[in-house]
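The values are calculated or read from the model by the stated rules, or taken from the named source; none is laboratory data. For clarity, every value in this text was computed on a predicted model and none was experimentally measured. With ideal geometry, Cβ positions are generated from the backbone for all residues, glycine too; neighbour counts draw on all protein chains shown.
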Amino acid sequence: MEAFNIKINSDIYGVRLKSQKPLRINVICQHVGYEIGRDFFGKWYDNSRMSALEDVIIEEIGNSVEARGL
């Protein structure tokens, strides 16, 4: 999967695949990095250490990643 940008509300998120097994995605927004992943049950979660994304944002990014074929 190639990196792509997604606009949610007024923010633009850069999204890039980190690993496929387990599925992990790097997300960048306003110079802050996040990591999200998908658990065994298919639920998206925030795996960031210092900061966290809102659940709605995580789901939106996860749905965009799934729509691209992962």
#### Entry: Within segment 32-42, considering residues that are of a type in the set (A, V, I, L, M, F, W, C) and over 8 Å from the mean Cα position of the chain (by Cα), the one surrounded by the most Cβ atoms within 10 Å (Cβ to Cβ)
32
### Query
What number goes with the only condition from (1) in contact with a strand residue (DSSP E or B) (Cβ under 9 Å, 6 or more places away or on another chain); (2) exposed (fewer than 13 other Cβ atoms within 10 Å of the Cβ); (3) farther than 20 Å from residue 69 by Cβ; (4) of a type outside the set (Val, Ile, Thr) that residue 29 does not pass?
(2)
### Task
Could you tell me whether segment 25-44 includes any residue that is in contact (Cβ under 8 Å) with a residue 40 or more places away in the chain, of a type outside the set (D, E, K, R) and in contact with a Lys or Arg (Cβ under 8 Å, 6 or more places away or on another chain)?
yes
### Query
Mind checking which residues of segment 2-51 are at positive phi and at pLDDT below 90?
30, 31, 42
#### Entry: Residue check for residue 37: closer than 17 Å to residue 69 by Cα, out of contact with any Ser or Thr (no Cβ under 7 Å at 6 or more places or on another chain) and part of a strand (DSSP E or B)
yes
### Message
Under 7 Å between Cβ atoms, which residue pairs at least 6 apart in sequence (or on different chains) link something in segment 53-70 that is free of Cβ contacts under 8 Å to residues at least 40 places away in the same chain with a partner that is aromatic (Phe, Trp, Tyr) and part of a helix (DSSP H, G or I)?
### Response
none
### Message
Going by what's in this entry, would residue 64 be described as at pLDDT 90 or above and small (Gly, Ala, Ser)?
### Response
yes
